[in-house]
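Written below as structure tokens is the structure these notes are about.
Values quoted throughout were computed directly from the atomic coordinates according to the rules given, and no laboratory measurement underlies them. Worth saying up front: this structure is predicted, and the values here are computed from it rather than measured. Here the Cβ is made from the backbone with ideal geometry for all residues, glycine too, and neighbour counts use every protein chain on show.
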């Protein structure tokens with residue numbers, strides 16, 4: 001993947017070519033001045049006027065050479081390097097969104113692109129370390145909760161059964177059971193997020209996994225309030241993973257999409273190839289016609305990287321987009337944090353997307369959220385392709 005396809009024109013001039021051409025123009029100008037001085041000096045005679053004129057021409061030639069050379073070096077070399085240094089210093093100072101601007105020549109533009117890619121990868125690695133620390137912290141918390149809350153919760157369940165048999169108020173007992181069930185669900189979600197579990201990994205067709213998750217929810221009637229479409233724009237490469245875990249990822253994303261879209265809303269599940277490191281496209285509107293109707297298309301571009309996978313690799317991607325209100329920019333960075341939720345109290349534990357992220361990263365992939373063109377949320381799960389003879 002050439003950096004010039006991502007930053008400005010497809011073909012930029014070479015630094016060597018620019019320098020040679022501009023130096024040639026400068027040399028031609030100097031030659032013209034020299035010829036002019038050689039022709040005009042005899043006409044002015046051998047007096048002081050001729051010497052003064054010759055000195056003025058020499059000084060003018062020297063000034064033009066120095067001025068143009070300084071401008072040339074600043075425009076082609078020192079200016080882009082200063083901008084690159086300023087961008088790296090800004091990132092080091094904490095401006096994590098700062099990136100090196102594109103340069104006018106091919107070599108320095110490639111250098112700026114390499115620095116930006118390195119910055120993106122370092123930030124990705126830093127984010128992975130932070131999430132790993134969160135996982136370890138929640139794991140310790142979950143172990144304590146399972147021990148401290150699990151046993152009393154079992155006792156509460158037994159006491160509720162005793163109350164039911166003794167003829168206690170049925171409505172009151174049902175309410176207590178419902179709240180105890182919520183506590184149990186929270187404990188189980190914590191353990192599902194933090195506890196390692198055995199997996200059965202195999203080469204998988206991501207489109208088949210997505211279809212299986214959709215059919216599972218459709219058979220339960222959960223998808224009845226919305227209009228849902230599954231698209232396969234470009235058949236993705238197979239992935240290496242646990243079918244049950246990846247289906248859980250898609251089920252969680254679909255459940256969130258149903259809540260966000262509401263009655264009469266639309267959800268699109270799009271499965272396609274993704275070109276790692278390429279400039280990402282704006283997510284398609286959920287109302288757009290399926291690109292498959294117009295034939296196969298090129299792999300969808302994604303500006304994201306995967307650890308251990310080279311940019312330009314054709315990966316697999318599934319995007320779940322809804323027509324809901326979308327994710328506010330101020331909470332987008334926290335949407336995958338444990339216990340963080342935008343739902344009303346009592347409607348979620350804030351662990352669904354955290355579990356999604358853990359499973360996806362455990363498969364060597366990444367999950368990102370962005371705003372669809374219709375304003376809804378678009379969750380993109382990108383997974384590395386399966387390479388026979390290696391473990392993902």
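If the chain linking residue 218 and residue 179 were pulled fully straight, counting 0.36 nm for each residue of separation and taking away their Cα-Cα distance, it would gain 11.3 nm.
Suppose the chain between residue 143 and residue 21 were pulled fully straight at 0.36 nm per residue; how much longer would it get relative to their current alpha carbon spacing?
Fully extending the segment from residue 143 to residue 21 adds 37.0 nm.
Simple spin-label estimate for residue 28 and residue 202 gives 7.1 nm between the two label positions (7 Å along the Cα-to-Cβ direction from each Cα).
Run a plain Debye calculation on segment 127-194 (Cα atoms as equal point scatterers, no solvent) and give log10 I(q)/I(0) at q = 0.13, 0.26 Å⁻¹, rounded to two decimals, same order as the q list. Debye curve over Cα of segment 127-194, log10 I(q)/I(0) at q = 0.13, 0.26 Å⁻¹: -0.48, -1.05. Listed peptides 170-181, 324-335 appear in the order 324-335, 170-181 once ranked by packing, highest mean of other Cβ atoms within 10 Å at the front.
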